[in-house]
1. Using a simple spin-label model with points 7 Å from Cα along the Cα→Cβ vector, what separation in nm is obtained for residue B:124 and residue A:290?
2. Quick one: if the Förster radius is 45 Å, what FRET efficiency do residue B:33 and residue A:448 give, using the C-beta to C-beta distance and rounding to 0.05?
3. Highest mean first, how do B:103-110, B:60-67, B:290-297, A:332-339 rank when packing is the count of other Cβ atoms within 10 Å averaged over residues?
4. Points 7 angstrom from Cα along the Cβ direction at residue A:236 and residue B:139: gap in nanometres?
5. Please compute the length gained on full extension between residue B:25 and residue B:12, using 0.36 nm multiplied by the number of residues separating them and subtracting their Cα-Cα distance.
6. Label residue A:375 and residue A:78 with points 7 Å out from Cα along Cα→Cβ: what is the distance between them in nm?
7. Mind telling me which of B:15, B:264, B:216 comes out most flexible in a GNM of chain B, alpha-carbon contacts under 10 Å?
8. How large is the helix-only mean residue ellipticity at 222 nm for chain B, computed as the sum of -39500 (n - 2.57) over DSSP H runs with n ≥ 4, divided by its residue count, in deg cm²/dmol to the nearest 500?
């Protein structure tokens, strides 16, 4: 190893750092440390003159390591790495000390903050001595895409990609396309027909030359990494030829909550207590009739069934309120004289046109009755013999505080949307993580809502969480745009700071394989050792942490580097 | 014990003038800003809720609609334009029909045909009495009676006959009102209220009834004081006139024209002014529809104003013709006056809008009783 020649740069960040940290003192303190060739400070290191300063010094002083003490590496690590690269040294021979977020912004004592800044800079200097040059890598992208799920999200993404002239494999577990939307009659808030929307879409997907539709097909296994995946499919239990593709969209959707677990509602016991989807079936058939073939005189719609209740699901399903109001319009059109009761916990009309839709629905001669979701659910019971209705709903009406009894002939339960419990294979195959409610987790909830932490794998629609049609479609198009972007580029950069297995130290226990969240590790039977797929590996370090033999090291996070950093931070004794 | 929701009740309530009964989404702004709403007697929101759910018994046991004097602030501040003030007004109409055991009130409020039919029938009976009944009793239109310059009201309409009729009418109206008030008491305090109030409290709080009958202090709590004033003039004018006509008719209906400063004439002028002023404010308000309290007018509101105005005008005409010595014109005005007055009192006081003269002060009294009530 060549002798390290380190340049240290301390940033003022205007007054952000300088008002709480004596920048001059830090610069001076570290200037005499071994291997430090020069130590400077500047008002804004990230500015062009600041970067030029580094580039010039690297060249004139023949520096081979750089430390910048400034803000969080999240913000400017890439900026300074690029500067190093420009000056001709490997970008990984750079280290950043965070003296803003971790120091000046969070402390109030200038002397102490300055001492802490010195510690942090020394740690970075110690660490950077042991940095190694790492090479950037990229992989080619196969232009085909696998889409799992033939609902409205999957089909939208498929059409988007196929219309750009790229191949799509669309697999669907059921024997038809359309997903949940195919079951709906009308949609909210415009009361337009779901059938007229989804029908032509299915036709376009089925007839598109660039889309291969696989019905009755399940995903068995996915291998590979971003740009280069292969998958095993199973058609009605029969293994299919392997397919290859570069990106994956998971659009597996969700399923309606089964209300029979809620005792109060007697679902399954009373034939005229039905779920919202069963009611959609009646609407599509064009007749609202009770089990006994009569038109109901009193219809109740109970909201939040299985939603917003710790016993079932704590989250809100987002669309049921509006679907319930949509039902009001449909019931009122079919049964002008029926009494309609909306038994709700809170009315949520968050979207475009939804509040207006709610206000408009109140003119449909309905009775809103509020119940306390947390205290007591309404109870459905059989009517007395002399009642002119089939059932009674007993509840505490929250807006009046009165215990009331509602006569009903039909009850519609607005069931929660819950995650599929039979998609574990898909989850395992494509390497996505699940949140507490079993929904797929996105890479970043705000800034990267359709990507996942696995490169080349995207999630769209309701498998990510309950949402309405417009949101699902928007996500599908967003994922399609992302994929078309990588296809257009032809290649994608992959992580450099991956794990490395020292095969001679590996004992073959395979602990690392079981803990890897990215399925990046596999066991090589011939070598009797674990192997890292460097494209899949994100360098999280989990495997290295749990390897009992110490056979796994993470590039850029070697034991040596980390221990030196700790030594540096502990070296000063004030 | 839970109470049954009755959605069909709204069809009935709509007939009493309830417009968009479902616009309210229960933010409670109306109740929060109402100067009359108080702990234990919260309105309008809670009453709107009962109405929406059709809880008939709870509505009938409500004293709150009568505690509202319709300043209209709730309707102005309502974010949903649900017009809570008008909903309370409609509830008062509905409750009037509920207290009334004869069922006539409901007929009059929900059918213009019934109300107009009865007004015309009563008016016709009055005219017939003057033209047929009185002459058959021996009171003929003699030459002296109609001679120029000699107005003889007492010969045309004999005091003791008119007085007997007045007392009879007052007795009918009073017995109807009293029986209805007993029903009101039964519904509010006894039946659904399920409360017990001691006799002593009944006696002790009785002064509230008199106070509220005479000066309406609750009305004066509304932010806009103008209507309290115009209402008070109208109310005091009418009450004076009513007492004078029923109790002191011989003192009031004199053959001799007394001097202007005589209390008989001064009282008459005051009552006329009070009536006209109150009527003017109400009629102009209902025509202009600028103030939210006058935005909606039920047919019963207009009929009441029309009859009261006609009564006042015919009364003024009698006076003018009498002091100018025009006998025939005086007698015709007298008949016209009676043919408006009689149906107005027989229909409006026990069965319609005017019954509030009894229900409002009694409501305040009952409210006070409820405050001292113990569960039965």
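Rule-based calculations on the coordinates, nothing more; no lab input. Quick caveat, the model's predicted, so the values are computed rather than measured. All Cβ positions, glycine included, derive from the backbone under ideal geometry; neighbour counts span all protein chains shown.
1. Between residue B:124 and residue A:290, the label points sit 5.0 nm apart.
2. 0.40
3. The densest-packed peptide leads the list: B:60-67, B:103-110, B:290-297, A:332-339.
4. Roughly 10.5 nm, to one decimal.
5. Separation in residues times 0.36 nm, less the Cα-Cα distance, equals 2.5 nm.
6. My value for the distance between the label points is 5.3 nm.
7. Judging by the Gaussian network model, the answer is B:264.
8. -19500 deg cm²/dmol
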